[in-house]
1. Which residue pairs have Cβ atoms under 8 Å apart, sit 6 or more places apart or on different chains, and have a first residue in region A:56-85 that is over 28 Å from residue B:58 (Cβ atoms) and at the interface with another protein chain (Cβ under 7 Å from one of its Cβ atoms) and a second that is open to solvent by 10 Å² or more (accessible area, probe 1.4 Å) and polar (S, T, N, Q)?
2. Could you list all residues from region A:185-200 that are more than 30 Å from residue B:219 (Cα to Cα), in contact with a strand residue (DSSP E or B) (Cβ under 9 Å, 6 or more places away or on another chain) and open to solvent by 10 Å² or more (accessible area, probe 1.4 Å)?
3. Just name the residue that is nearest to residue A:145 (Cα to Cα) out of those in region A:227-255 that are hydrophobic (A, V, I, L, M, F, W, C) and open to solvent by 30 Å² or more (accessible area, probe 1.4 Å).
4. From A:189, A:139, A:219, grab the single residue that is among the β-branched types (Val, Ile, Thr), more than 30 Å from residue B:124 (Cα to Cα) and modelled with pLDDT of 95 or more.
5. Does residue B:95 count as part of a loop (DSSP other than H, G, I, E, B), more than 14 Å from chain A (Cβ to nearest Cβ), more than 12 Å from residue B:229 (Cβ to Cβ) and open to solvent by less than 60 Å² (accessible area, probe 1.4 Å)?
6. In region A:33-66, what residues are open to solvent by 50 Å² or more (accessible area, probe 1.4 Å) and of a type in the set (Gly, Ala, Ser)?
7. Does at least one position in region A:213-226 carry a residue that is more than 19 Å from residue A:59 (Cβ to Cβ) and surrounded by 21 or more Cβ atoms within 10 Å (Cβ to Cβ)?
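The values are calculated or read from the model by the stated rules, or taken from the named source; none is laboratory data. None of the values given here were measured: they were computed from a predicted structure. Cβ placement follows ideal geometry from the backbone for every residue including glycine, while neighbour counts extend to all protein chains displayed. Remember, those area values only see protein heavy atoms, side chains included, never the ligands or the DNA or RNA. Shrake-Rupley method; radii C 1.70, N 1.55, O 1.52, S 1.80 Å.
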2 protein chains.
Amino acid sequence: MTTWIRFRDGDGRIGFGTLDPHSGRVVQHDGALFDRPRPTDISFAADDLTLLAPCEPSKIVALWNNYYALSQKLDKAPPQHPLFLIKPPMSVIGPSEAIRRPRSYHGKIAYEGELGIVIGKTVSGASVEEAEDAIFGYTCVNDVTAIELLQEDPNFAQWCRSKGFDTFTCLGPAIVRGFDWRSATLTTTVDGVERQNYPLDDMIFSPAEQVSLISHDMTLVPGDVIACGTSVGVGSIKDGARVDVSIAGIGTLSNVLAV
Amino acid sequence: MTTWIRFRDGDGRIGFGTLDPHSGRVVQHDGALFDRPRPTDISFAADDLTLLAPCEPSKIVALWNNYYALSQKLDKAPPQHPLFLIKPPMSVIGPSEAIRRPRSYHGKIAYEGELGIVIGKTVSGASVEEAEDAIFGYTCVNDVTAIELLQEDPNFAQWCRSKGFDTFTCLGPAIVRGFDWRSATLTTTVDGVERQNYPLDDMIFSPAEQVSLISHDMTLVPGDVIACGTSVGVGSIKDGARVDVSIAGIGTLSNVLAV
């Protein structure tokens, strides 16, 4: 497994590199993350860096109803094709950045802990095997929702609006290559209290199936993120609450809903 | 009024500039379209250029139910806030490029002729006056839909999927600054037969109201496009059909659904 991070260093410069989870050392790379990055001779202690969102997606494809447990709880049949909305690039924040409540919205805000797929190659109309090869790695996602807007208009479910606000797509702390999602569990805590704890292998469409099927709907490009959908345990958070989304092997994505 | 185009010249180079509609001459500019573009001493005959989509949006915000006539026909109340979905950047094509039928889809494909707002300044939480100032200009949009996918799953309207395919956002032929949308009419023809003909001032949310309200939902950045929604007369097109979306003062956006 290789752990990739994007960061701002003490001098305010943005860079990216590999993190050794044991030593806590980061080796800066140059070039491009998705195109033969080269190690430099510059390294940092991870604690001296500010982590940024690990990639800069041109779009985030966010799935709904992609876990059997949630599908059963909602009493909705598993879909025949991934059901998704698109979140805009400006909705992305990294670890340690704050989720900001929209000024115009005073309702409930929900967290959703999710596995995120990071695309590494331009891919269109891919087979499952080609799709697997186009996956660069995995990250954690908190797919935030202004939940009371979703059904505000009886004629049109406002998925893109309720989930598209600036700061409503938390990504990080890292992208891990070679990560075995099949044996991993995702947990979400709110102010330290566990609210979600589900096995990733309960997914309806596996990551490679998602990339394959969605690549028949639209071209995916390096850095794009597919948020694999959430499972049971979603709830709302109060202003000031901290949400931690953790996947062993990837790390913990921690964001506060700013007061 | 100033008419801005993006183009590929005879040598394959991509450029942008102003078009004089009377002489048909294009003055190439350098710098950036949204940041003090400067005229060069290079000019072309428009006929010698291939027109490209006039901007490269980071996202396309596409409205539903934004004309009173369509709202009455659908028997849906006018919304209280713009109802929208997000289309991905890769869905954009320019004039003279072909709409491509997704290989995996054999159902009906619908056209929707629309006014497009092109954002010229980064804008967030804007008043209507600030929003007006953030509008760079206007273009024509054909918002294409794989219409049989929209309600394919009874639990989730697939707006982003059915409208998000590569080539499903036709933009152009130009961006016109200083265009008076209030006195303009949009017509859509399919193989020369008129199918839509509606006045833009039947809009529920005006362009500046749209930009203001949507800027409270997400930051809009230069080049982003808001597709203002369509009115009555939407229908489907056969493979090989040509769709022309025309707004007097902007021009005609012409695209064929490739066989």
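1. If the second residue must be open to solvent by 10 Å² or more (accessible area, probe 1.4 Å) and polar (S, T, N, Q), the pairs left are A:76/B:155; A:79/B:155.
2. Here is the first cut: in region A:185-200, the ones more than 30 Å from residue B:219 (Cα to Cα) are A:185-187, A:192-200.
Now drop any that are not in contact with a strand residue (DSSP E or B) (Cβ under 9 Å, 6 or more places away or on another chain), which leaves A:185-187, A:192, A:194-200.
Residues satisfying the conditions are A:185, A:187, A:192, A:194, A:195, A:197, A:199.
3. Going through region A:227-255, the residues hydrophobic (A, V, I, L, M, F, W, C) turn out to be A:227-228, A:232, A:234, A:237, A:241, A:243, A:245, A:247-248, A:250, A:253.
Imposing the further condition that a residue be open to solvent by 30 Å² or more (accessible area, probe 1.4 Å) reduces the set to A:232, A:234, A:248.
Numbers: A:232: 15, A:234: 10, A:248: 25 Å.
Out of the qualifying residues, it is A:234.
4. Values: A:139 fails: more than 30 Å from residue B:124 (Cα to Cα); A:219 fails: more than 30 Å from residue B:124 (Cα to Cα).
Matching residue, one of A:189, A:139, A:219: A:189.
5. Numbers: part of a loop (DSSP other than H, G, I, E, B): yes; more than 14 Å from chain A (Cβ to nearest Cβ): yes; more than 12 Å from residue B:229 (Cβ to Cβ): yes; open to solvent by less than 60 Å² (accessible area, probe 1.4 Å): yes.
For residue B:95, the condition - part of a loop (DSSP other than H, G, I, E, B), more than 14 Å from chain A (Cβ to nearest Cβ), more than 12 Å from residue B:229 (Cβ to Cβ) and open to solvent by less than 60 Å² (accessible area, probe 1.4 Å) - is met.
6. Once the filter is applied, which keeps residues that are open to solvent by 50 Å² or more (accessible area, probe 1.4 Å) and of a type in the set (Gly, Ala, Ser), region A:33-66 yields only A:43.
7. The first filter runs over region A:213-226 and keeps only residues more than 19 Å from residue A:59 (Cβ to Cβ), leaving none.
No - not one qualifying residue is present in region A:213-226.
Yes/no per residue for (1) away from chain A (no Cβ under 12 Å); (2) open to solvent by 10 Å² or more (accessible area, probe 1.4 Å); (3) hydrophobic (A, V, I, L, M, F, W, C):
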{"position": "B:104", "(1), (2), (3)": "no, yes, no"}
{"position": "B:114", "(1), (2), (3)": "yes, no, no"}
{"position": "B:133", "(1), (2), (3)": "yes, yes, no"}
{"position": "B:137", "(1), (2), (3)": "yes, no, no"}
